[in-house]
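Report on one structure; see the data block that follows.
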Amino acid sequence: MRACYPGSFDPVTLGHLDIIERAAPLCTHLTVAVIHNPAKKTLFTLEERRHILGQQLAHLGNVSVDHFSGLLVDFVARNEFQAVIRGLRDSSDAPIELQMARLNREMNRRCETLFLASAGKFSHLSSSFVREIARLGGPIEQLVTPEVAAQLQQKLTSKEAS
């Protein structure tokens, strides 16, 4: 099965990496698809997010990183994916994720969504929380890899300097 795992990954967290590493063995190929939404203000640029993900996923031979803008169902159709992988952190994620999965399926009958439950230790984790904790000088070592933590700190330091 060829699948994609879409997200903004701003930054990629240990929760994202857990879902990717658990989904990869289920797929012949998994594409981690970075969403490019020009209307959304991100800390990292699209190219930076793709680069960081590429570094973090280099050890997974059947995983690649791509990007898209527009509708996910169009990206799925263009690439002939059989499934979309989504992580569910807790029960509050379920309603919106189910709604998106149903809408995607209505737009493209071949767009199936597979849900993976987050590991309990990552159920509280989101990129926005990581950015805020890092911005306020809090500890992020349990939330992202050391490489991502360093890139996040460097990015925040350069933003403050400008």
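Since every read-out is calculated from the coordinates, none of them should be taken as a lab result. Note that the structure is predicted; figures quoted are calculated from it, not measured. Note that we place each Cβ from the backbone using ideal geometry, even for glycine, and neighbour counts take in every protein chain shown.
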It is to be established whether one or more residues within the stretch 58-72 are within 14 Å of CYS4 (Cβ to Cβ), of a type outside the set (Lys, Arg) and in contact with a Cys (Cβ under 6 Å, 6 or more places away or on another chain). no
Out of the residues in the stretch 27-47 meeting the condition of being out of contact with any strand residue (DSSP E or B) (no Cβ under 7 Å at 6 or more places or on another chain) and either touching a residue at least 60 places away in the same chain (Cβ under 8 Å) or among the small types (Gly, Ala, Ser) (or both), tell me which one is farthest from LEU156 (Cα to Cα). ALA39
Just name the residue that is surrounded by the fewest Cβ atoms within 10 Å (Cβ to Cβ) out of those in the stretch 75-100 that are over 24 Å from SER123 (Cα atoms) and touching a residue at least 12 places away in the same chain (Cβ under 8 Å). GLU80
If you check VAL144 against the conditions, is it under 19 Å from GLU21 (Cβ atoms), in contact (Cβ under 8 Å) with a residue 60 or more places away in the chain and in a helix (DSSP H, G or I)? no
